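Comments concern the structure below.
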Amino acid sequence: MEKQNLFDYDKAFEVKENLKEKLDFPYVSGYVSALGGRDRASILLTITEDSKETWINGILQNSRYRKIYIENNGRVEEITRSHKIKHMRAFTAKNIKHLLDKINSTKGWYFIEYMLHLNKRRYNIMSKGKNNKGNHVWIGDKGYWDI
């Protein structure tokens, strides 16, 4: 049984507009590419958690951005991102709804950097915003730290 593609070249523009509309980010941009031929169409998305007005010097790379490559067979891969956010693992989307859910679930994945004077080490702390444990982050075996 042959795997069904998520979209073809003609439907890719509709899918791109659907993604731009339904992704829960302040800034979403995208375009359709057919560099490998119309039968290998892909969508390239740029999303950021910051509104365009807040970008330092109006530069996308100064925001918490992520660029995502979506192949027509459902393969999704992050091609570049801000150093301020966590890497999104590559995955294969079963359908458009699955694709939307996975990308929207990455909202709030950012690093909070604290200089902690514990053993004079610098810790990178992962936080998913307000999680089910309240407004705290976990630091190794040191316990919770209020943010």
Applying the selection to region 99-117, what residues are at pLDDT 85 or above and under 12 Å from Val76 (Cβ atoms)?
Leu99, Leu100, Asp101, Lys102, Ile103
Test for Ser33: is it closer than 22 Å to Ile85 by Cβ and polar (S, T, N, Q):
no
Would you be able to say whether some residue in region 42-49 is modelled with pLDDT under 95 and in contact with a Pro (Cβ under 8 Å, 6 or more places away or on another chain)?
yes
Meets criteria (modelled with pLDDT under 95 and either over 27 Å from Ser51 (Cβ atoms) or in a strand (DSSP E or B) (or both)) for Thr80
yes
Restricting attention to region 27-72, which residues are assigned to a loop (DSSP other than H, G, I, E, B) and either in contact with a helix residue (DSSP H, G or I) (Cβ under 9 Å, 6 or more places away or on another chain) or among the hydrophobic types (A, V, I, L, M, F, W, C) (or both)?
Ala34, Leu35, Gly37, Ala41, Asp50, Trp55, Ile59, Ser63, Asn72
Within region 21-54, track down each residue that is basic (Lys, Arg) and either more than 18 Å from Ser105 (Cβ to Cβ) or crowded, with 16+ Cβ neighbours inside 10 Å (or both).
Arg38, Arg40, Lys52
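The values are calculated or read from the model by the stated rules, or taken from the named source; none is laboratory data. As the structure is a prediction and not an experimental result, all values here were calculated from the model. Please note: Cβ atoms are built from the backbone with ideal geometry, for glycine as well, and neighbour counts cover all protein chains shown.
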